[in-house]
Amino acid sequence: MVRVKIPATTANLGCGYDTFGMALGYYNYVSVTEAPSLSVKIIGEGQKFLQDTASNLVVRSALAAFELAGQAAPPLAFTCENNIPLSRGMGSSSSAIVGGIYAANELMGRILSEQQMLELAISIEGHPDNVTPALFGGFTVCANEAGMQYTRKVEVPASLRAVLAVPNFLLSTKKARAIMPKQVLLEDAVYNLSHAAYLALALAQGDVSGFGTMLTDRLHQPYRFTLIRGAEDVVEAAIAAGAIGCVISGSGPTMISFTEDDALLTDNIAAAMSEAFADHGVEAKIIIVGVDNDGTQVVG
């Protein structure tokens, strides 16, 4: 049997639309073993409505890994222990994809390279910003040039803490992408470019404060805020409570704020975000986590 641990992720981080991602210390687990016939057991998030057949995303991703390696997949039994909320902007689909691919590769004796696993995961997910940190951990930057995927990882300072407010409603990535404009102002593009460059360099140098200052955006958040009731007030409340920055996590509706390791401060930020959502009639689950610099790993 192979059991792997896959971190939740947050994408975009404000100014890094479809480019930045970060792995969080909150995990799903996928166990795979050879069996007489295919079976899928789902525990936790999504157990009432996720498919338990060959069409399950974990299964499809695992079988795609076997196909890429040129091997026939034996009948497999899958157990998916899900903690990451579904359709909330925390990388639940990426965790399924990466978990399936990684576990299958372990069963095959690690035939596929990390780059092959990454490219396969991107081909299934459609974009790289969540699957990359899910696989590698840390803060990641992704770029595509002439059909080639380029990625870089930076280890995140261990002092960084994330406070996530997870609303009690779903927001599909498709809907969040559909609201995006086809054209943007040049000044907004320059704003994001400068902020993204500064943010990445700040993290690379361990400058948490500089990272927080750049957690803003003009390309996607102004439009997506209209899909998340109370989002702008959540940002203001989190910063007023001491967060170094607050943005939409991925395509939302989860809002994520950051601070350094201070239990009282993180509790205050959590309360402020929860209250701001409640003022708009939105119930939100609070998750406080550290960062993950290891990515997907085999566990006992």
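For the reader, a short list of remarks on this structure follows.
- Just so you know, in segment 171-192 the residues that are of a type in the set (G, A, S) and assigned to a helix (DSSP H, G or I) include one that is farthest from Y17 (Cα to Cα), and it is A178.
- Candidates I228, I286 - the one that is in contact (Cβ under 8 Å) with a residue 24 or more places away in the chain, touching a helix residue (DSSP H, G or I) at 6+ places or on another chain (Cβ under 6 Å) and of a type in the set (V, I, T): I286
- Taking the criterion of being farther than 16 Å from G91 by Cα and not in a loop (DSSP other than H, G, I, E, B), the residues of segment 109-140 that qualify are E114, Q115, Q116, M117, E119, L120.
- If the condition is being acidic (D, E) and outside any loop (DSSP other than H, G, I, E, B), then segment 21-66 contributes only E34.
- Of the residues S55, S39, the single one that is assigned by TED's automatic domain parsing to the domain that holds G99, at negative phi and modelled with pLDDT under 95 is S55.
- Complete set of residues in segment 39-56 that are out of contact with any Phe, Trp or Tyr (no Cβ under 8 Å at 6 or more places or on another chain), touching a residue at least 12 places away in the same chain (Cβ under 8 Å) and either among the hydrophobic types (A, V, I, L, M, F, W, C) or surrounded by 15 or more Cβ atoms within 10 Å (Cβ to Cβ) (or both): I42, I43, E45, G46, L50, D52, A54
- Scanning segment 174-192 for residues that are buried (at least 17 other Cβ atoms within 10 Å of the Cβ) and either modelled with pLDDT under 95 or touching a Gly at 6+ places or on another chain (Cβ under 6 Å) (or both) gives a single hit, A176.
- If the condition is being free of Cβ contacts under 8 Å to residues at least 40 places away in the same chain and either touching a strand residue (DSSP E or B) at 6+ places or on another chain (Cβ under 7 Å) or among the hydrophobic types (A, V, I, L, M, F, W, C) (or both), then segment 57-86 contributes A72, A73.
- Close contacts from segment 96-124, counting a first residue that is without any contact (Cβ under 8 Å) to a residue 24 or more places away in the chain and a second that is in a helix (DSSP H, G or I), with Cβ to Cβ under 8 Å and a gap of 6+ residues or different chains, come to E114/L135; E114/F136.
- Of the candidates K182, K175, the single residue that is charged (D, E, K, R) and closer than 24 Å to S95 by Cβ is K175.
- Segment 141-163, residues that are under 17 Å from the mean Cα position of the chain (by Cα), in a loop (DSSP other than H, G, I, E, B) and surrounded by fewer than 18 Cβ atoms within 10 Å (Cβ to Cβ): E155
- Filtered by the rule that a residue be assigned to a strand (DSSP E or B) and either under 30 Å from V163 (Cβ atoms) or hydroxyl-bearing (S, T, Y) (or both), segment 72-108 gives T79, C80, E81, N82.
The values are calculated or read from the model by the stated rules, or taken from the named source; none is laboratory data. Note that the coordinates shown come from a computational prediction; the quantities given were computed from them, not determined experimentally. Glycine also receives a Cβ, built like all others from the backbone with ideal geometry; neighbour counts cover every protein chain displayed.
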